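Every read-out reported here was derived from the displayed coordinates using simple, explicitly stated rules and does not represent laboratory data. Here the structure is a predicted model, which means the values were calculated and not measured. Counting neighbours? That spans all protein chains shown, and the Cβs are built from the backbone with ideal geometry, glycine included.
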Amino acid sequence: MVEQNKLTEEINRLRNDKNAIILAHNYQLPEVQDIADYTGDSLGLSRTAAETDAQIIVFCGVHFMAETASIISPEKKVLIPDLGAGCSLSDTIDARQLRDWKKEHPGAVVVSYVNTSAEVKAESDYCCTSSNAVNVVDSIPRNKEILFLPDMFLGAYTAKVTGRKMHIWQGECHVHAGIREQDIRDIRDTHPEADMVIHPECGCTTNFLYHSLESSSHNGSAHTNGSGYSKTNGTGHIKFLSTGGMLKYAKESEKKEFIIATETGMLHRLRKDNPGKTFYPARENAVCKYMKMITLPKVLKSLQEEVFEVKVPAKTALRAKKPIDRMLEITA
Ligand code: 13P
Ligand code: SF4
C-alpha cells in the first residue's frame, strides 16, 4: 500500500508538471482506473482525447485506442505504457484484406469498428464503437451495400437492430467470444431476478437477441433505442450495451442485482459507482490480457521517460481521420 501511495504521488506530480492527462478504459486494472483523469468506453475516450488541452496523453488501454487519440490530436504526444497491449479483434483484419474485400463489393460503404488499426481505418468510410454502431449504420442510405468489420457478433447485433442486410467480417474478440449462451443460462438460474447486461461483442449475443426478437413478436415488450436493445421476459431484463452504456444503465436502474457479460474489469467501476447494488460477472475468467498489461509502475515510467509514443504516419492519419470524425459526430 505504501508502495502504491508513493507511485500515485509521483504520477500526480509528473502529471501536473508535464501538463499530462491519463485516460483509462473501463477494462483497466482497478488501481489504474483509480488514478485516471477519465475512465470510460471507446467513444468517451476518443471524445476526451479530442477535447483535452493537455500536451501529453497517457493512454491506459490498448494500441488501437492510443492510435485513434493520436490521429484525432496529432499535435499531442500520445503515450502507451506498454507497446504489447494489442487487441486480438483488431488483428483479425489488415488493410490488404480490406482492400481485397472492397474489390469484391465495389461501391459498398465500409463501417469499421474502432477496434481496428489505423491502416484499416484509412480504408474505411465510417468508424463506430459499440455504443453508436446502430446509429452509424442507420445514418447510411438504405440503398447502399454495407461492409461491416471486424466483429461478427457486433455486426449481427447491428444488422438485427437496424434491419439492414450487411456483409460482416468473421472476426471476434477472444474474451467476448468466450462468453457463451450456456454461461448466461447458468448464472441466470442462480440469480433469476438480476438484470442481464450483455456487451454486443459477446459470443452469446446472437442467440439471445434472436430469442428476444422471436418471443417479442408473440408476447414480449422488446424495443430498441440509442443505448441498446432490451427485452422484458418476466424475470430480469436483458440489455445489450457498450461498457459506457452499462455504467449509465446500472446507475439509473432501480434494480439491485445485475449480471455483467463483458471483460471483468468493468465490475470495478460498476461497484464503485453503485455501492448498494450487486454485480455478478457472467464469466469469471473473461479477462483481456492486453488490457491488464498496463500497471501503475508502467504508467509512472511512461510519464518519466515519455514512452512509448504512438504516432501514425501523416498520410495514413489524414485518411483515417475522416471515418473517425464521422464516428465522433454520430451520438450514441
Ligand atoms: P467499449 O468500451 O466501447 O464498449 O468497447 C469494448 C472493448 O472491447 C474495447 O476493446
Ligand atoms: Fe480487444 Fe477483446 Fe481485449 Fe477489447 S477485450 S481490447 S476487443 S481483445
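Structure notes:
- Here the ratio of the Cα radius of gyration of the chain to 2.2 N^0.38 Å is 0.99.
- For Lys298, a cut-off of 25 angstrom between C-alpha atoms picks up these lysines, skipping any fewer than 8 places away in its own chain: Lys6, Lys18, Lys76, Lys77, Lys272, Lys289, Lys311.
- Between Ile259 and Asp195, Met196, Val197, Tyr280, the built amide H atoms are under 5 Å apart, and every one of these is 5 or more places off in sequence or on another chain.
- Rounded to whole Hz, the Karplus (6.51, -1.76, 1.60) HN-Hα couplings of segment 139-148, x for glycine and proline: 7, 8, x, 5, 7, 8, 6, 10, 9, 10
- Beta bridge orientation in the chain: antiparallel %, DSSP, nearest 5: 20
- Close amide-amide hydrogen proximity is noted between Val109 and Glu145, Ile146, Leu147, each under 5 Å apart and 5 or more residues distant or on a separate chain (H modeled in the peptide plane; Pro and chain starts excluded).
- Whole-Å distance, taken between Cα centres, linking segment 44-122 and segment 268-305: 21
- Mean residue ellipticity (222 nm) of the chain, computed from DSSP H runs ≥ 4 via -39,500 (n - 2.57), nearest 500: -12500 deg cm²/dmol
- Neighbour net charge for Lys102 - beta-carbon separation under 14 angstrom, K R +1, D E -1: -1
- Of the peptides 312-324, 259-271, the ranking by mean beta-carbon count within 10 Å, highest at the top, reads 259-271, 312-324.
- Label zone (Glu145, point 7 Å along Cα-to-C-beta; backbone nitrogen cut-off 13 Å) within segment 110-127: 110.
- Helical segments meeting 27 Å axial Cα length and Kyte-Doolittle -0.5 threshold in the chain (DSSP H): none
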